[in-house]
Amino acid sequence: MHLLLSVLDLAGTFVFAISGAMAAAHRRLDIFGIAVLAFATGTVGGITRDLLIGATPPLAIADPRYALMALGAAIVVFFGHRLVDRIQSPVALFDAAGLSMFAVTGTIRALDFGISPVMAAVLGMVTGIGGGIMRDVLIARIPTVLQQVELYATAALAGSALTVLGVTLDWPFVPTVIGAAVLCFFLRLMALRRGWHLPAPRVGK
Amino acid sequence: MHLLLSVLDLAGTFVFAISGAMAAAHRRLDIFGIAVLAFATGTVGGITRDLLIGATPPLAIADPRYALMALGAAIVVFFGHRLVDRIQSPVALFDAAGLSMFAVTGTIRALDFGISPVMAAVLGMVTGIGGGIMRDVLIARIPTVLQQVELYATAALAGSALTVLGVTLDWPFVPTVIGAAVLCFFLRLMALRRGWHLPAPRVGK
Amino acid sequence: MHLLLSVLDLAGTFVFAISGAMAAAHRRLDIFGIAVLAFATGTVGGITRDLLIGATPPLAIADPRYALMALGAAIVVFFGHRLVDRIQSPVALFDAAGLSMFAVTGTIRALDFGISPVMAAVLGMVTGIGGGIMRDVLIARIPTVLQQVELYATAALAGSALTVLGVTLDWPFVPTVIGAAVLCFFLRLMALRRGWHLPAPRVGK
């Protein structure tokens, strides 16, 4: 795998794991609950993607660095959650960073395994949103992807679609990857800070 | 795959996706939340089955027509949810139709991959109930399969067991498939409209 | 597979299935809901492990004895739940027994499939906690692994880590396996009866 992709994938795991660990800390779980939620949030998206494309054992199981990232995030949160909590809505913000990196790395890994461009974009989105869904299901909350009339999966799909476009049209690799991640992060940040959203249907019931 | 099975599988994806999209619309999710819930409800049963029998990448990932069915259902619901809502309990009804088709197609696909008859019937049931479970878990509701003292998984198992029986005894293919789907749909409809159910234990606590 | 492992794996399936079936009975589900929750609780941990290590179809799908164990547990609970309920907190107790057996068998199976020692211990823990998580998610409860400041995943990890240690250092097989399972069960029991726990962070919010 390209070095930039490895770095993004491990960094995505770390920030997602921070998001899961903070959610666990807010629920006053013990150090082990924090570690479990950090690991689940950081790796479930990529594991789901790898199961779907038939890449077993998944990266996050075969490569111990992913577990180390999650463990590091759990330790950071256990000792430093007060510092992290000074950031406004840290769970959502670290989630947004992970979403952006995973949408891009997930898309490229799916393309590498011969998945068609359209489904590769979908798989990139799944990689991005999977960890957050698992985090929210485990603490019995309606997943962010569903509960808010806000850009979330849309932001991930924008990032993964731009990645597919760039790879297909043979754009320079590094700017494409970084540009797609930045696009996703920007859209999600605008959703969080400015309330950007898609239209919702009006239903009687 | 036999043409009838392809048609049933795609039709099952569409009606399950309608069920998921209507559930999303009732929760006032945006167009993208509707699309995500449509895709999840329509494909998770089949994806789970394919992962369990080792058929990766799963049909719903490898074949873009499944995603198209889900997208179509999301668009129908976004623009036409008022029309769909004139049907009595549309989520449950479209769910019942998907349950019936998937119980049959899931069973036959498991048999094709060399799974034993008993476990093929179980996998057919899993294919049928998986999408609805995912839909309900994602909107933080106790899954239909568990919350009601009503025929649900039983109906799916009746359909998949009849399919196994017919295939094993070499009955004519088309009537077997249609008969099994109709049996499942009839049982589930009677459960919804007449309250047919299995006995429940009386527990003190 | 070593006979002792087969016995532990099937026994673990049975006791986990009892735990799931009792949880279903307490929710007044019908016989089929009981069977579904028994099957899910008894097999999801092992199925998840097998998917992650690439062993498809998973044991619990390929070998009908697992489904038989779950069915047996469902029947025992349907007719005998009053007897089972005389035990103090039966759901948690049978869960603890299953946790202990699966932590050990899951670890050894992962090692057999060439997973590294550290990730094999993690997979053993996942095998142990997976079924209980699925049971709790399906009945819309925060999973035990997260909701209590009590030893749970920690107990499973202690068992799986001791298993990895014993296998790596070539300790005699049978005492290692039994000792590791007893260690996990003892830790979980002390957590349930005496409230043993790990430290939790103090968070402002």
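Observations on the structure shown:
- A:Leu37, A:Leu99 arranged by Cβ crowding within 10 Å, fewest neighbours leading: A:Leu37, A:Leu99
- Long-range amide H partners of C:Trp196 with built H, under 5 Å: C:Ala191
- Exposure proxy for B:Leu138, A:Leu10, C:Leu83: other Cβ atoms within 10 Å of each Cβ, ordered fewest to most, give C:Leu83, A:Leu10, B:Leu138.
- Shape class of the protein assembly as shown from the Cα gyration tensor (axes a ≥ b ≥ c, square roots of the eigenvalues): rounded, since a/c falls below 1.5.
- 3J(HN,Hα) from dihedral phi, region A:99-106, Karplus parametrisation 6.51/-1.76/1.60, rounded to Hz, x for glycine, proline: 3, 5, 5, 5, 4, 6, 5, x
- In sequence order, region B:182-193 has phi-based couplings of 5, 4, 4, 4, 4, 4, 5, 5, 4, 5, 6, 8 Hz under the Karplus curve 6.51 cos²θ - 1.76 cosθ + 1.60, θ = phi - 60°, and Gly or Pro positions carry x.
- Extending 7 Å from the Cα toward the beta-carbon at both A:Leu4 and B:His2 defines two label points whose distance is 5.1 nm.
- As a proxy for reagent exposure, ranking C:Tyr66, C:Tyr152 by other Cβ atoms within 10 Å from fewest up yields C:Tyr66, C:Tyr152.
- Separation of region A:45-82 and region B:119-172, taken as the distance between their Cα centroids, equals 33 angstrom.
- Mean Cβ count within 10 Å, highest first, over the residues of peptides B:122-130, B:48-56, B:84-92: B:122-130, B:48-56, B:84-92
- In this calculation the C-beta distance from B:Ile178 to B:Ala140 is compared with R0 = 51 Å, giving a FRET efficiency of 0.90.
Bear in mind these aren't lab numbers, they're just calculated from the coordinates by the rules spelled out. Predicted model only: the values in this text are computed from it and were never measured. Every residue, glycine among them, receives a Cβ derived from its backbone with ideal geometry; neighbour counts consider all protein chains shown.
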